[in-house]
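Structure first, then comments.
The values are calculated or read from the model by the stated rules, or taken from the named source; none is laboratory data. Treat the numbers as computed from the prediction; the structure is a model and nothing was measured. Here Cβ is always computed from backbone atoms with ideal geometry, including for glycine, and neighbour counts include all displayed protein chains. The area values use the complete protein model at the heavy-atom level, side chains included, leaving out ligands, DNA and RNA. Shrake-Rupley method; radii C 1.70, N 1.55, O 1.52, S 1.80 Å.
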Amino acid sequence: SNNLSITQKGITITAAVKTKVYGEVDPELTYTITTGSIENGDVLSGSLSRVAGENVRDYAISSTLSNDNYDISFVSNNLSITQKEITITAAAKTKVYGEADPELTYTITAGSLENGDVFTGGLSRVTGENVGDYIISSTLSNDNYNITFVSNNLSITQRVVIISADAKTKIVGEADPELTYAITQGNLVTTDNFSGNLTRELGETIGVYVIQQGNVSLGLNYAITF
């Protein structure tokens, strides 16, 4: 006598490429037989799995599929976790000239953070302290998110100062006294100073002449009420 030997049938199994967005559940891991075939009624035991991890990157798929009647060649592939889309919108901010900046804040206007996730970095704005609009920018980041940033402005508004002219008098024929004034509401910032002079209605006969603001100014950073 002698033997008839039945040897394993060679087949190749190729894992399907899979992808998911960060924070989603894994899709089902599947495969196809790319070389050879399974005989009717045969099944493979075991399963596919992938390297553990939930951050954005590629994770190799591996196999424990087996059947004693088959010599299985396994072609791996990856499950790719891609960045989650999220939109951050800076809040519009304002302050009066001379005040400290308010805290720069933002809201998430599209998408959401997964539990426990935070951004690194922060918000800042174009430098400057004069009245005007200053663009807010962002260095917020997290490798698991594709961040779309919607900017806004920090607006510096005029500082309100009220000045009141001092009453003056003179005798007909004399030179006008110096026209003076005082701040009756508000205050100046650091080294800021007034420029210009008060004027008065024209006339030299006995009477009352209204004192006017003239060209007294504090520049564009102030709104003077006279």
Given region 39-102 reduced to its alpha-carbon atoms as identical point scatterers, what log10 I(q)/I(0) does the Debye formula return at q = 0.14, 0.16, 0.23 Å⁻¹? -0.66, -0.75, -1.01
Summing Lys, Arg as +1 and Asp, Glu as -1, what charge do residues with Cβ under 10 Å from the Cβ of Arg50 carry, Arg50 excluded? -1
For the chain, what is the accessible area per residue in Å² when the probe is 1.4 Å? 62
With a Förster distance of 22 angstrom and the Cβ-Cβ distance between Asp117 and Ser49, calculated FRET efficiency to the nearest 0.05 equals 0.30
Of 204-215, 139-150, ordering from highest average Cβ density within 10 Å down gives 139-150, 204-215
Treating only the Cβ atoms of Lys and Arg (+1) and Asp and Glu (-1) as charged, compute the dipole magnitude of region 136-197 about its Cα centre; round to the nearest 20 debye. 120
Name the residues whose placed amide hydrogens come within less than 5 Å of the amide hydrogen of Arg200, ignoring near sequence neighbours (fewer than 5 apart) on the same chain. Gln212
Residues whose built amide H sits under 5 Å from the amide H of Ser137, excluding neighbours closer than 5 in sequence, are Ser124, Arg125, Val126
Extent along principal axes [Cα atoms of region 89-134; Å; largest to smallest]: 40, 18, 15
Normalised Cα Rg of region 65-157, dividing by 2.2 N^0.38 Å with N its residue count, works out at 1.86
Residues Ser137 and Gln212, FRET efficiency given R0 of 41 Å [Cβ-Cβ distance, rounded to 0.05]: 0.35
Hydrodynamic radius by Kirkwood, which averages 1/r over all alpha carbon pairs of the chain, in angstrom: 25.7
Within region 151-193, name every residue whose backbone N is under 16 Å away from a label modeled 7 Å from Cα of Thr107 along the Cβ vector. 151-153
